[in-house]
Amino acid sequence: MEVYLDNNATTMIDPKVLDEMMPFLTEKYGNPNSLHKYGSATHPKMVEAIDHLYTGIGAADEDDIIITSNATEANNWVLKSIWIDKILNGDKKHIITSEVEHPAITATCKFLETMGVEVSYLEVNEEGVLDPQTLRDALRDDTALVSIMWANNETGKIFPIKEIADICKEAGVLFHSDATQAIGKVKVDVKEIGVDMISFSAHKFHGPKGVGALYIRGGVSLTPCFHGGEQMGGKRAGTVDVASMVGMGKAMQLATNPMAIAYEVNHVGMLRNRLEAAILEIPDTIVIGGTENRTPNTTLISFRGVEGESMLWDLNRAGIAASTGSACASEDLEANPVMNAFGSDSELAHTGVRFSLSRFNTIEQIDYAIEQVKKAVERLRGISSSYAYSPKNHVSGLGAH
Ligand code: 7TS
């Protein structure tokens with residue numbers, strides 16, 4: 001059986017999304033900026049796509065949603081524009097983020113540090129989320145931006161985004177959130193939360209790869225990321241990939257309507273809980289960050305005495321795709337930085353396996369995965385000289401600091 005449980009890395013494209021895209025990859029190939037009928041033939045579906053994006057995240061007419069190539073571009077844009085606008089050309093010096101952001105944020109911040117920007121990488125608490133008080137303590141008069149993720153890609157932990165937004169508003173500091181792992185998994189309503197900017201990628205919610213967006217609240221201005229033509233109101237030049245944009249709009253509609261979110265919470269959540277509960281019956285397993293306040297599709301589980309990578313290979317042979325953490329970092333066998341950030345001991349930091357589900361998984365697949373995980377753990381612990389079962393290790397929650 002084939003079981004894909006790496007949906008936080010990417011998702012399969014929904015066939016309904018592909019259907020919407022196909023005409024724009026074939027006969028409707030016009031450039032939307034052309035004045036002839038080939039150009040105008042793209043307009044109705046582009047307008048529809050934008051409508052789906054606005055509805056999906058609760059944006060208002062005065063706000064902007066700019067199509068980008070992915071969340072990485074959107075994140076880079078925000079950080080680099082704030083640097084240009086408020087630090088190079090303003091009187092601010094400081095950016096705040098967390099230590100468990102995706103590299104699209106942390107690597108960009110590291111780059112900005114080489115340009116003289118001061119960055120605070122806030123620690124997360126034992127639950128793996130930012131304590132609002134930590135943010136209050138870190139804010140300075142010269143803070144230009146706070147960028148904190150909506151939900152973590154490795155653990156699925158949901159950050160206290162409303163409190164963070166309120167603190168930023170009170171301090172008069174712009175607040176950006178990388179919502180890449182939140183869209184389609186939990187309700188993302190930019191107005192309800194009061195966030196200034198959010199980033200996301202379509203391929204995380206059954207849309208195509210290579211397309212994403214940056215939401216910018218009305219009244220917030222950012223230096224354009226690409227200069228050139230007048231596309232996207234001059235804020236992001238370059239001919240729009242119509243098929244991808246239409247696909248992202250459809251994917252957003254399918255993933256964020258209230259029925260879809262209810263299905264994610266109830267059905268996908270039930271499958272995740274079934275998988276997790278069965279795995280936790282194996283001695284010496286823990287859920288990193290605990291089980292509260294997570295996206296319904298994700299669990300990051302540590303199997304003491306089992307290298308995460310070895311586990312992945314065994315599962316791969318059995319037809320199951322999982323991850324040791326972010327695929328963007330999976331080439332090197334460094335301990336998982338997110339697990340390190342949680343204060344897990346160094347042995348545990350190498351033993352995390354992330355299972356991330358989607359609405360396309362079935363109960364049969366999950367039961368097969370449970371069986372194969374149990375087999376893999378038994379085999380790998382059997383050949384591991386360092387593993388010795390100890391009842392004190394059989395805890396759920398965070399584990400040792
Ligand atoms: N932000 C977050 C929170 C992410 O999880 C990812 C991808 C990105 C940004 C970058 O998305 P892209 O579409 O621009 O590449 N995260 C992962 C992951 O967890 N495993 O593989 C990719």
Pick from region 8-45, criterion loosely packed, with under 12 Cβ neighbours inside 10 Å and part of a loop (DSSP other than H, G, I, E, B), ranking: nearest to the ligand (Cβ to nearest atom): THR26
Residues within region 79-117 that are more than 16 Å from the ligand (Cβ to nearest atom), touching a residue at least 40 places away in the same chain (Cβ under 8 Å) and either among the polar types (S, T, N, Q) or in contact with a Cys (Cβ under 8 Å, 6 or more places away or on another chain) (or both), tallied: 2
When residues of region 145-160 are limited to those that are in a strand (DSSP E or B) and aliphatic (A, V, I, L, M), the one nearest to the ligand (Cβ to nearest atom): ALA151
Index of the failed condition, ALA60 passing every other in (1) closer than 17 Å to ALA251 by Cβ; (2) touching a helix residue (DSSP H, G or I) at 6+ places or on another chain (Cβ under 7 Å): (1)
Count of residues meeting criterion [under 20 Å from the mean Cα position of the chain (by Cα), over 30 Å from TYR368 (Cβ atoms) and of a type outside the set (Gly, Ala, Ser)] in region 1-57: 5
Filter result for VAL353 (within 16 Å of the ligand (Cβ to nearest atom) and either in contact with a Gly (Cβ under 8 Å, 6 or more places away or on another chain) or at pLDDT below 70 (or both)): yes
Residues that are assigned to a loop (DSSP other than H, G, I, E, B), in contact with a Ser or Thr (Cβ under 7 Å, 6 or more places away or on another chain) and within 14 Å of the ligand (Cβ to nearest atom), drawn from region 204-224: HIS206, PRO208, LYS209, GLY210, VAL211
Residue match in region 65-74 (condition: farther than 30 Å from ARG272 by Cβ, within 16 Å of the ligand (Cβ to nearest atom) and touching a His at 6+ places or on another chain (Cβ under 9 Å)): no
The lone exception for LEU222 - which of (1) in contact with a helix residue (DSSP H, G or I) (Cβ under 6 Å, 6 or more places away or on another chain); (2) not assigned by TED's automatic domain parsing to the domain that holds LYS187 it fails: (2)
Listing of helices (runs of 4 or more DSSP H) fully contained in region 233-282 that carry 2 or more residues being basic (Lys, Arg): 269-280
Test for GLU230: is it assigned by TED's automatic domain parsing to the domain that holds PRO296, away from the ligand (no atom under 14 Å from the Cβ) and surrounded by fewer than 24 Cβ atoms within 10 Å (Cβ to Cβ): no
Test: residue in region 322-341 that is surrounded by fewer than 16 Cβ atoms within 10 Å (Cβ to Cβ) and at pLDDT 95 or above: no
Long-range neighbours under 6 Å by Cβ, at least six apart or interchain, first residue over 8 Å from SER177 (Cβ atoms) and more than 11 Å from the ligand (Cβ to nearest atom) within region 192-203, second part of a strand (DSSP E or B) and of a type in the set (A, V, I, L, M): ASP196/LEU174
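Take the residues in region 179-191 that are of a type in the set (A, V, I, L, M, F, W, C) and within 16 Å of the ligand (Cβ to nearest atom), then tell me which one is surrounded by the fewest Cβ atoms within 10 Å (Cβ to Cβ).
To start, the set of residues in region 179-191 that are of a type in the set (A, V, I, L, M, F, W, C) comprises 179, 182-183, 186, 188, 190.
Filter once more, keeping what is within 16 Å of the ligand (Cβ to nearest atom): 179, 182-183, 186, 188.
Numbers: ALA179: 28, ALA182: 25, ILE183: 28, VAL186: 22, VAL188: 24.
This residue is VAL186.
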For LEU122: the one exception among (1) crowded, with 18+ Cβ neighbours inside 10 Å; (2) modelled with pLDDT under 95: (2)
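The values are calculated or read from the model by the stated rules, or taken from the named source; none is laboratory data. Only a predicted model underlies this, so the values are computations on that prediction, with no experimental measurement involved. Positions of Cβ are generated from backbone atoms using ideal geometry, with glycine treated the same way; all protein chains shown enter the neighbour counts.
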